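The structure appears right after this line, and notes come after that.
The values are calculated or read from the model by the stated rules, or taken from the named source; none is laboratory data. Since we're looking at a predicted model, the values are computed, not measured. Positions of Cβ are generated from backbone atoms using ideal geometry, with glycine treated the same way; all protein chains shown enter the neighbour counts. SASA here: full protein model, heavy atoms, side chains in, ligands and nucleic acids out. Shrake-Rupley method; radii C 1.70, N 1.55, O 1.52, S 1.80 Å.
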Amino acid sequence: KKGMAGFFDRLAESQGHWGYNWGRTTSTALPPDRVFHPMQWGSFNWDLGSAQGPLEQHFAEWRRQDQAMHFLGFNEPDGATQSNLTEAQALTLWPRLERMDEPLVSPVTVNPDNAWMNTFMPQAQALGYRMDAVAAHNYPSPNSGSSDALVTLLQDFNTAWNRPVWLTEFSTVDWHGTGNWTEEDNYNWLAEFMWRAESLPWLRRYSLFIFTANTTFPESTNPWDTVAPRSNAYQADGVTPTAFGELYF
(Lines give C-alpha, C1' and ligand atoms only; values in the text may rest on other atoms or scores of the structure.)
Protein backbone atom coordinates (compact mmCIF):
# COMPACT_ATOMS: atom_id res chain seq x y z
CA LYS A 1 0.00 0.00 0.00
CA LYS A 2 2.88 2.39 0.70
CA GLY A 3 3.96 4.77 -2.05
CA MET A 4 5.81 8.00 -2.76
CA ALA A 5 4.47 11.35 -3.92
CA GLY A 6 7.31 12.55 -6.14
CA PHE A 7 10.92 11.78 -5.10
CA PHE A 8 11.10 8.92 -7.61
CA ASP A 9 14.86 8.76 -7.19
CA ARG A 10 14.14 7.69 -3.59
CA LEU A 11 11.43 5.15 -4.39
CA ALA A 12 13.67 2.13 -3.90
CA GLU A 13 15.12 3.67 -0.73
CA SER A 14 11.62 4.22 0.64
CA GLN A 15 10.61 0.64 -0.12
CA GLY A 16 7.44 2.08 -1.63
CA HIS A 17 5.59 -0.05 -4.18
CA TRP A 18 4.07 2.74 -6.25
CA GLY A 19 4.40 6.43 -6.94
CA TYR A 20 2.94 9.46 -8.68
CA ASN A 21 4.30 12.94 -9.42
CA TRP A 22 1.24 15.14 -10.13
CA GLY A 23 1.74 14.59 -13.88
CA ARG A 24 1.25 12.07 -16.69
CA THR A 25 4.87 11.15 -17.35
CA THR A 26 8.07 10.45 -15.46
CA SER A 27 11.62 10.92 -16.71
CA THR A 28 12.90 8.55 -14.02
CA ALA A 29 13.07 4.86 -14.87
CA LEU A 30 11.34 2.96 -12.08
CA PRO A 31 12.33 -0.54 -10.91
CA PRO A 32 10.19 -3.16 -12.67
CA ASP A 33 8.32 -4.03 -9.47
CA ARG A 34 7.23 -0.40 -8.87
CA VAL A 35 4.12 1.10 -10.46
CA PHE A 36 3.76 4.67 -11.76
CA HIS A 37 0.27 6.15 -11.55
CA PRO A 38 -0.20 9.16 -13.88
CA MET A 39 -2.37 12.12 -12.91
CA GLN A 40 -4.40 14.64 -14.91
CA TRP A 41 -3.54 17.54 -12.60
CA GLY A 42 -5.93 20.16 -13.97
CA SER A 43 -7.71 21.50 -17.04
CA PHE A 44 -4.58 22.13 -19.12
CA ASN A 45 -1.92 19.93 -20.77
CA TRP A 46 -4.62 18.08 -22.68
CA ASP A 47 -3.69 18.71 -26.28
CA LEU A 48 -0.94 18.94 -28.89
CA GLY A 49 1.65 21.54 -28.03
CA SER A 50 1.40 21.00 -24.29
CA ALA A 51 4.48 20.02 -22.31
CA GLN A 52 3.24 16.46 -21.88
CA GLY A 53 1.59 16.04 -25.27
CA PRO A 54 -2.06 15.20 -25.88
CA LEU A 55 -3.69 12.94 -23.34
CA GLU A 56 -4.72 10.40 -25.96
CA GLN A 57 -1.15 9.74 -27.08
CA HIS A 58 -0.67 7.74 -23.87
CA PHE A 59 -3.56 5.36 -24.56
CA ALA A 60 -1.56 2.56 -26.23
CA GLU A 61 1.46 2.98 -23.94
CA TRP A 62 -0.56 2.70 -20.75
CA ARG A 63 -2.53 -0.28 -21.96
CA ARG A 64 0.67 -2.18 -22.85
CA GLN A 65 1.81 -2.13 -19.25
CA ASP A 66 1.33 -5.35 -17.32
CA GLN A 67 1.10 -3.57 -13.97
CA ALA A 68 -2.06 -2.42 -12.20
CA MET A 69 -1.85 1.21 -13.27
CA HIS A 70 -4.53 3.71 -12.23
CA PHE A 71 -5.19 7.18 -13.64
CA LEU A 72 -5.54 9.86 -10.95
CA GLY A 73 -8.04 12.71 -11.27
CA PHE A 74 -7.65 16.44 -10.66
CA ASN A 75 -5.39 17.71 -7.87
CA GLU A 76 -7.12 19.91 -5.26
CA PRO A 77 -9.64 21.51 -7.64
CA ASP A 78 -11.08 23.38 -4.65
CA GLY A 79 -7.74 25.17 -4.09
CA ALA A 80 -7.23 28.57 -5.74
CA THR A 81 -3.49 27.92 -6.04
CA GLN A 82 -3.97 24.32 -7.18
CA SER A 83 -5.98 23.04 -10.17
CA ASN A 84 -8.81 25.45 -9.26
CA LEU A 85 -11.74 23.85 -11.09
CA THR A 86 -15.41 24.28 -10.38
CA GLU A 87 -17.46 21.15 -9.89
CA ALA A 88 -19.19 21.84 -13.23
CA GLN A 89 -15.86 22.11 -15.07
CA ALA A 90 -14.63 18.85 -13.55
CA LEU A 91 -17.87 17.09 -14.51
CA THR A 92 -17.50 18.31 -18.09
CA LEU A 93 -13.91 17.07 -18.33
CA TRP A 94 -14.35 13.70 -16.60
CA PRO A 95 -15.61 11.70 -19.64
CA ARG A 96 -12.31 12.37 -21.39
CA LEU A 97 -10.51 10.63 -18.54
CA GLU A 98 -12.97 7.75 -18.78
CA ARG A 99 -12.15 7.30 -22.46
CA MET A 100 -8.58 6.35 -21.52
CA ASP A 101 -10.10 3.05 -20.39
CA GLU A 102 -7.99 2.73 -17.24
CA PRO A 103 -9.05 2.37 -13.59
CA LEU A 104 -9.83 5.91 -12.39
CA VAL A 105 -9.27 7.59 -9.03
CA SER A 106 -11.47 10.56 -8.17
CA PRO A 107 -10.38 14.19 -7.99
CA VAL A 108 -8.66 14.85 -4.67
CA THR A 109 -9.69 17.90 -2.65
CA VAL A 110 -7.76 19.82 0.01
CA ASN A 111 -9.68 17.85 2.63
CA PRO A 112 -11.97 14.90 1.91
CA ASP A 113 -15.07 16.11 3.76
CA ASN A 114 -15.60 19.46 2.06
CA ALA A 115 -18.27 21.14 -0.03
CA TRP A 116 -16.55 20.63 -3.41
CA MET A 117 -16.44 16.85 -3.07
CA ASN A 118 -19.93 16.73 -1.58
CA THR A 119 -21.23 18.56 -4.66
CA PHE A 120 -19.17 16.78 -7.31
CA MET A 121 -19.63 13.17 -6.25
CA PRO A 122 -23.47 12.98 -6.19
CA GLN A 123 -23.65 14.65 -9.61
CA ALA A 124 -20.96 12.35 -11.02
CA GLN A 125 -22.85 9.34 -9.68
CA ALA A 126 -26.14 10.60 -11.11
CA LEU A 127 -24.45 10.91 -14.52
CA GLY A 128 -23.12 7.36 -14.23
CA TYR A 129 -19.48 8.46 -14.26
CA ARG A 130 -16.92 5.83 -13.35
CA MET A 131 -14.61 6.19 -10.38
CA ASP A 132 -12.90 3.05 -9.11
CA ALA A 133 -11.51 4.69 -5.96
CA VAL A 134 -11.71 8.02 -4.14
CA ALA A 135 -8.60 10.00 -3.21
CA ALA A 136 -7.97 11.99 -0.04
CA HIS A 137 -5.45 14.51 1.30
CA ASN A 138 -5.13 15.26 4.99
CA TYR A 139 -2.59 17.11 7.15
CA PRO A 140 -3.83 16.58 10.72
CA SER A 141 -2.30 16.99 14.15
CA PRO A 142 -0.96 13.70 15.54
CA ASN A 143 -3.36 13.72 18.53
CA SER A 144 -0.69 12.66 21.04
CA GLY A 145 0.44 9.83 18.80
CA SER A 146 -3.00 8.36 18.04
CA SER A 147 -4.10 7.82 14.45
CA ASP A 148 -7.79 7.51 15.39
CA ALA A 149 -8.86 10.86 13.90
CA LEU A 150 -7.23 10.18 10.52
CA VAL A 151 -8.54 6.61 10.28
CA THR A 152 -12.06 7.71 11.26
CA LEU A 153 -12.03 10.52 8.67
CA LEU A 154 -10.94 8.11 5.92
CA GLN A 155 -13.42 5.45 6.96
CA ASP A 156 -16.26 7.99 6.85
CA PHE A 157 -15.05 9.01 3.37
CA ASN A 158 -15.12 5.37 2.27
CA THR A 159 -18.62 4.92 3.67
CA ALA A 160 -19.92 8.13 2.07
CA TRP A 161 -18.91 7.15 -1.47
CA ASN A 162 -18.71 3.35 -1.18
CA ARG A 163 -15.35 3.13 -2.90
CA PRO A 164 -11.81 2.17 -1.85
CA VAL A 165 -9.74 5.08 -0.55
CA TRP A 166 -6.32 6.29 -1.70
CA LEU A 167 -4.59 8.67 0.75
CA THR A 168 -2.28 10.36 -1.75
CA GLU A 169 -0.94 13.12 0.53
CA PHE A 170 -0.64 13.13 4.28
CA SER A 171 1.67 14.44 6.98
CA THR A 172 1.40 16.45 10.21
CA VAL A 173 1.54 20.25 10.03
CA ASP A 174 0.52 22.94 12.52
CA TRP A 175 -1.04 25.28 9.97
CA HIS A 176 -2.48 27.66 12.61
CA GLY A 177 0.41 27.78 15.08
CA THR A 178 -1.71 26.51 17.96
CA GLY A 179 -0.50 22.91 18.29
CA ASN A 180 1.37 21.46 21.26
CA TRP A 181 2.51 18.05 20.09
CA THR A 182 6.04 16.65 19.98
CA GLU A 183 8.32 14.79 17.59
CA GLU A 184 7.56 11.68 19.64
CA ASP A 185 3.87 12.22 18.90
CA ASN A 186 4.61 12.50 15.16
CA TYR A 187 6.64 9.29 15.24
CA ASN A 188 4.12 7.28 17.25
CA TRP A 189 1.24 8.58 15.10
CA LEU A 190 2.94 7.41 11.91
CA ALA A 191 3.93 4.05 13.40
CA GLU A 192 0.37 3.37 14.52
CA PHE A 193 -1.17 4.57 11.25
CA MET A 194 1.08 2.43 9.04
CA TRP A 195 0.47 -0.62 11.22
CA ARG A 196 -3.31 -0.12 11.07
CA ALA A 197 -3.37 0.79 7.36
CA GLU A 198 -2.19 -2.63 6.23
CA SER A 199 -5.25 -4.30 7.78
CA LEU A 200 -7.88 -1.84 6.51
CA PRO A 201 -9.36 -3.48 3.38
CA TRP A 202 -10.98 -0.27 2.13
CA LEU A 203 -7.69 1.71 2.30
CA ARG A 204 -5.76 0.63 -0.80
CA ARG A 205 -2.90 3.14 -1.07
CA TYR A 206 -1.15 5.78 1.02
CA SER A 207 1.76 8.12 0.27
CA LEU A 208 3.45 10.52 2.66
CA PHE A 209 4.01 14.10 1.50
CA ILE A 210 7.77 14.52 1.89
CA PHE A 211 8.81 17.60 3.87
CA THR A 212 12.44 18.59 4.42
CA ALA A 213 13.62 20.29 7.60
CA ASN A 214 14.07 24.06 7.37
CA THR A 215 13.38 27.14 9.46
CA THR A 216 9.87 27.77 8.12
CA PHE A 217 8.25 25.47 10.65
CA PRO A 218 9.27 24.71 14.26
CA GLU A 219 12.21 22.38 14.78
CA SER A 220 12.66 20.45 18.01
CA THR A 221 15.79 20.46 20.11
CA ASN A 222 14.43 17.46 22.00
CA PRO A 223 11.87 14.93 20.74
CA TRP A 224 9.65 15.73 23.73
CA ASP A 225 9.47 19.51 23.13
CA THR A 226 5.84 20.59 22.61
CA VAL A 227 6.49 22.95 19.69
CA ALA A 228 4.16 21.16 17.23
CA PRO A 229 6.98 20.23 14.83
CA ARG A 230 6.18 19.44 11.21
CA SER A 231 6.78 15.79 10.29
CA ASN A 232 9.89 16.27 8.14
CA ALA A 233 11.10 13.11 6.41
CA TYR A 234 14.57 14.50 5.60
CA GLN A 235 17.06 16.69 7.39
CA ALA A 236 17.86 20.12 5.95
CA ASP A 237 20.36 18.57 3.50
CA GLY A 238 17.47 16.83 1.72
CA VAL A 239 19.36 13.54 1.79
CA THR A 240 19.62 12.33 5.39
CA PRO A 241 16.35 10.88 6.71
CA THR A 242 14.97 12.04 10.03
CA ALA A 243 13.78 9.42 12.51
CA PHE A 244 10.28 10.02 11.13
CA GLY A 245 11.55 9.49 7.56
CA GLU A 246 13.45 6.34 8.50
CA LEU A 247 10.26 4.96 10.02
CA TYR A 248 8.26 5.63 6.85
CA PHE A 249 10.96 4.24 4.58
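Considering amide H positions built from the backbone, and no H for Pro or chain starts, which residues 5 or more places from His137, or on another chain, come under 5 Å of its amide H?
Thr109
Solvent-accessible area of Val227, probe 1.4 Å, all protein chains present, reported in Å² to the nearest ten, please.
60 Å²
With θ taken as phi - 60° and the coefficients 6.51, -1.76 and 1.60, list the Karplus ³J(HN,Hα) couplings across region 141-154 in order, rounded to whole Hz; mark glycine and proline as x.
Values, residue by residue: 7, x, 6, 6, x, 8, 9, 4, 5, 5, 5, 5, 4, 5 Hz.
Using the scaling law 2.2 N^0.38 Å as the reference, what is the normalised Cα Rg of region 183-231?
1.38
Run the numbers on region 18-150 and let me know its relative contact order in percent, using alpha-carbon pairs under 8 Å that are six or more apart.
19 percent
Can you tell me which of Ala90, Ala191, Ala29 moves the most in a GNM of the chain? Springs connect C-alpha atoms under 10 Å apart.
Ala29
If you average the sequence gap of Cα pairs under 8 Å that are 6 or more apart and divide by the length of region 107-249, what percent do you get for the contact order?
23 percent
Label 7 Å along Cα→Cβ of Glu246; region 194-224 residues with amide nitrogen under 17 Å?
Residues 213, 220-224 qualify, since their backbone N sits under 17 Å from the label point.
If you roll a 1.4 Å probe over the heavy atoms of the protein chains, what accessible area per residue do you get for the chain, in Å²?
Here the per-residue accessible area is 45 Å².
Which of rounded, prolate or oblate describes the chain when judged by the alpha-carbon gyration tensor and an a/c cut-off of 1.5?
Taking the square roots of the gyration eigenvalues as a ≥ b ≥ c, the chain is prolate.
Mind checking the angle between helix 115-126 and the chain's longest principal axis? C-alpha axes, 0 to 90 degrees, to the nearest 10.
Approximately 30 degrees, to the nearest ten.
Please tell me the relative contact order of the chain in percent, rounded to the nearest whole number, where contacts are Cα pairs under 8 Å and at least six residues apart.
With pairs under 8 Å counted, the relative contact order is 15 percent.
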